[in-house]
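What follows is a single structure, written as structure tokens, with notes after it.
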Amino acid sequence: GGDCPNRACVPTKVLLQAAGLLKSARRAEDFGVFSERVTLDFSKLMERKDRVVNLLTGERLKRVLDQRGISLFAGRAVFKSDSEIEVNGKTISAEKFIIATGSKPRIPPVQGLQEVGYITSNEAVSLKELPASIAIIGAGSVGVEFAQIFSSFGVKTILIEVGDRLLLNEDDEISELLKNYVSEEGVDVIIGAQVESVAVKDNRKMITLADSSGTRTVFADEIMIAAGRDPSVDGLILEAAGVELDAHGILVDDYLRTTAENIWACGDITGKLLYTHVATYQGDLAGYNAFEDRHDKEDLSIVPRVTFCDPEVAGVGLTEGEARKQGFNVVVGRMPNRYLGKSLITGERRGLVKLIIDGTNQRILGGHIVGTQASELVHEIAVAMKSGMTVETLAEVIHAYPSMAEGVEAAAASVVMKETEEERAA
């Protein structure tokens, strides 16, 4: 495990912070703030990224382990049985184990890809210099975030997705808005295209795509694969311990116990929701259940998710499509950010707050946001859902002016007003 602080969320957010600062500086003249020339020193940015990563890992982490009396063995673990592992030739016995080896980038079987070469998010956060152009295959959170990072840094960027939209796990309406925003920033977004093959032509990487209209080629100096993640189980020899897995990860029950009675698993390796906050939650749960003989069930019914693009995208609960498919009496509340006073003040008017409501009992089924501070605002909706709050109660909560949080209040109020108007009409 350990991808988040070393190779994923932490380093990418440092790069995204720089991208955001560049964008702000370029539009500062709108506020009467002038500077002669704004440039990016990529090597200096990467030095900062390394400093931030080192503050969260390395010696600091080792000190924490030492203080708590936890022994650290650096090396690859191999199960010899359900009570023994081997690390660097040393056999370690234990009554119980927790597996938290995380996940790794999934590499699709594309003709010519291995020969031509590519990078993943692992290499992208450690580049020494920027390519002139890049084609990113996969438009999930990783692909979208890196598309905006590279584009903001002046790299000609192509974003390729085999599905029918960006961020397939998000609400359709939110995904469509984000596609427009990303395209407006100069990213060449290609939707519904399958990568058929990769080759080298004229010292550039040539990607052949197939879609409903036929085949075509695009060129880039570098290719980045962002096509999802697979469980990191290579070399563990799980079968020696009686631990079973499928294509998604290690099989666990509601208490995160594996098919071996004395072994638990947590985080990406379980193949559930691949988020750091879920891994943290599962780590706590597995630890308590394994070592304190507790029997706490896992509950992933309400989990916020965020893509830290610009503007941010966040969601929790059911999308509109999912709610309708499950047969709910769906009522939708919306509030475009452009109507908020805060948006007028900041000049950032893109975005939408969208609430999915069960019209039968006014319960909140889901919330979806694209816009400034979406990563913060989504938690208000999550708390409302967890507490069983109705949309009417949420609409009655006084929100400070001017704030982006008013969008949540207004979206809730739009549902209440809609229902009131329907009652009057009846």
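I need the full set of residues from the range 240-283 which are closer than 24 Å to residue 316 by Cα, touching a helix residue (DSSP H, G or I) at 6+ places or on another chain (Cβ under 7 Å), of a type in the set (A, V, I, L, M, F, W, C) and not in a helix (DSSP H, G or I), in order please.
Those that are closer than 24 Å to residue 316 by Cα, touching a helix residue (DSSP H, G or I) at 6+ places or on another chain (Cβ under 7 Å), of a type in the set (A, V, I, L, M, F, W, C) and not in a helix (DSSP H, G or I): 252, 256, 266, 274.
Quick check: anything in the range 284-306 in contact (Cβ under 8 Å) with a residue 12 or more places away in the chain and assigned to a strand (DSSP E or B)?
Scanning the range 284-306 turns up at least one residue that is in contact (Cβ under 8 Å) with a residue 12 or more places away in the chain and assigned to a strand (DSSP E or B).
Just for the range 292-339: of the residues that are over 24 Å from residue 273 (Cα atoms) and outside the structural domain of residue 391 (by TED's automatic domain parsing), which one is surrounded by the fewest Cβ atoms within 10 Å (Cβ to Cβ)?
Per the stated criteria, the residue is 293.
Between a residue in the range 129-148 that is at positive phi and any residue that is of a type in the set (Asp, Glu), which pairs come within a Cβ distance under 9 Å, given they are 6 or more apart or on different chains?
Pairs found: 138/161.
Could you please give the count of residues in the range 80-101 that are on the phi > 0 side of the Ramachandran plot and buried (at least 19 other Cβ atoms within 10 Å of the Cβ)? Spell out how you get there, then give the answer.
Within the range 80-101, the first condition is being on the phi > 0 side of the Ramachandran plot, and the residues that meet it are 88-89.
Cutting the leftovers down to buried (at least 19 other Cβ atoms within 10 Å of the Cβ) gives us none.
The qualifying residues number 0.
Condition (residue is touching a strand residue (DSSP E or B) at 6+ places or on another chain (Cβ under 8 Å) and charged (D, E, K, R)) applied to the range 278-295: is it met by at least one residue?
No: the range 278-295 contains no residue that is touching a strand residue (DSSP E or B) at 6+ places or on another chain (Cβ under 8 Å) and charged (D, E, K, R).
Run down 49, 80, 23 and say which single residue is outside the structural domain of residue 196 (by TED's automatic domain parsing) and either assigned to a strand (DSSP E or B) or of a type in the set (Gly, Ala, Ser) (or both).
On the way: 49 fails: either assigned to a strand (DSSP E or B) or of a type in the set (Gly, Ala, Ser) (or both); 23 fails: either assigned to a strand (DSSP E or B) or of a type in the set (Gly, Ala, Ser) (or both).
That would be 80, the only listed residue that is outside the structural domain of residue 196 (by TED's automatic domain parsing) and either assigned to a strand (DSSP E or B) or of a type in the set (Gly, Ala, Ser) (or both).
Which of the residues belonging to the range 207-239 are in contact with a strand residue (DSSP E or B) (Cβ under 9 Å, 6 or more places away or on another chain), in a loop (DSSP other than H, G, I, E, B) and either among the hydroxyl-bearing types (Ser, Thr, Tyr) or buried (at least 21 other Cβ atoms within 10 Å of the Cβ) (or both)? Talk me through it step by step, then tell me what you get.
Within the range 207-239, the subset in contact with a strand residue (DSSP E or B) (Cβ under 9 Å, 6 or more places away or on another chain) is 207-211, 215-239.
From what's left, in a loop (DSSP other than H, G, I, E, B): 221, 226-228, 232-237.
226, 227, 232, 236, listed by residue number.
Answer yes if at least one residue in the range 388-408 is assigned to a helix (DSSP H, G or I), under 25 Å from residue 178 (Cα atoms), out of contact with any Ser or Thr (no Cβ under 7 Å at 6 or more places or on another chain) and of a type outside the set (Val, Ile, Thr), and no otherwise. Before you say what the answer is, go through the steps one by one.
Looking only at the range 388-408, we keep the residues that are assigned to a helix (DSSP H, G or I), and these are 391-396, 406-408.
Keeping just the survivors that are under 25 Å from residue 178 (Cα atoms) gives 406-408.
Adding the requirement that they be out of contact with any Ser or Thr (no Cβ under 7 Å at 6 or more places or on another chain) leaves 406-408.
Right, trim to of a type outside the set (Val, Ile, Thr) and you get 406-407.
Scanning the range 388-408, I find at least one residue that is assigned to a helix (DSSP H, G or I), under 25 Å from residue 178 (Cα atoms), out of contact with any Ser or Thr (no Cβ under 7 Å at 6 or more places or on another chain) and of a type outside the set (Val, Ile, Thr), so the answer is yes.
Can you give me the number of residues within the range 145-164 that are of a type outside the set (Lys, Arg) and not in a helix (DSSP H, G or I)?
Start the filter on the range 145-164 by keeping residues that are of a type outside the set (Lys, Arg), which leaves 145-155, 157-164.
Okay, now just the ones that are also not in a helix (DSSP H, G or I), so 153-155, 157-164.
Total meeting the criteria: 11.
The values are calculated or read from the model by the stated rules, or taken from the named source; none is laboratory data. Here the structure is a predicted model, which is why all the values come from computation and not from measurement. So basically every Cβ, Gly included, is an ideal-geometry build from the backbone, and we count neighbours across all protein chains shown.
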